[in-house]
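To start, the structure under review is shown below, and the notes come after it.
The values are calculated or read from the model by the stated rules, or taken from the named source; none is laboratory data. Note that the structure is predicted; figures quoted are calculated from it, not measured. In this analysis, Cβ positions are derived from the backbone assuming ideal geometry, glycine residues included, and neighbour counts consider all displayed protein chains.
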Amino acid sequence: MTVHATLANPLQRASFITSFLLLGTALTGCSTGNASSAPENLCGMKVDKPLYAPLFPSGKKVTETGGFTNQDAYAAQSGSRQSCYYWVDGKIAVSLYTWSADSTSGQPKASIANVAHDDDAASNFRKIDGKYDSASWNGGEGKTSGAVTGCPIPQKQGEEQYSLLIRRIDGTSKDEQVLRKLINPAMQALLDMRPCQKSN
């Protein structure tokens, strides 16, 4: 699922995050597997499985809805956003969201602090040491980690500002530690799917 919009202010960003969470409860499954083993990739991103497998609870069936695309048109279109959800035995367990904003459009440069601020009922914000501007926090729906970075696009002057959120619904402190280790490799995997310039 891909939609296009411009997140021009914090209220729009907050509305986007909230709407994706609500949308997740209405989606139907498109692929299934065994919940005793996590999926072989994370919403299409090539991330080492041991980094995200602990987020998946035990159960009889895991269902994935949505996913991230590697189409060049995604990165070329400012304001593109996508979501991906994993359900275990009919209950949503893990959700991921990504969106972009054009740095040449006059919008303020994104930061993970601003992204967390826009999350409903966010608390316990903690920065993460890593390659990208990243942090973890308690979101309105569960433990959350996020990252923000620039992605220079060859066919454009300037760059896209990419944001990525990973959330464990009703997660524990152990899930938070997993998310803190996962977010930077996941952001790198997302950028590997985009036509960013090699120098980034």
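Candidates Gly150, Gly146: the one that is part of a strand (DSSP E or B) and modelled with pLDDT of 95 or more is Gly146.
Only residues that are touching a residue at least 40 places away in the same chain (Cβ under 8 Å), over 10 Å from Val148 (Cβ atoms) and exposed (fewer than 14 other Cβ atoms within 10 Å of the Cβ) were counted across segment 109-125, and they come to 1.
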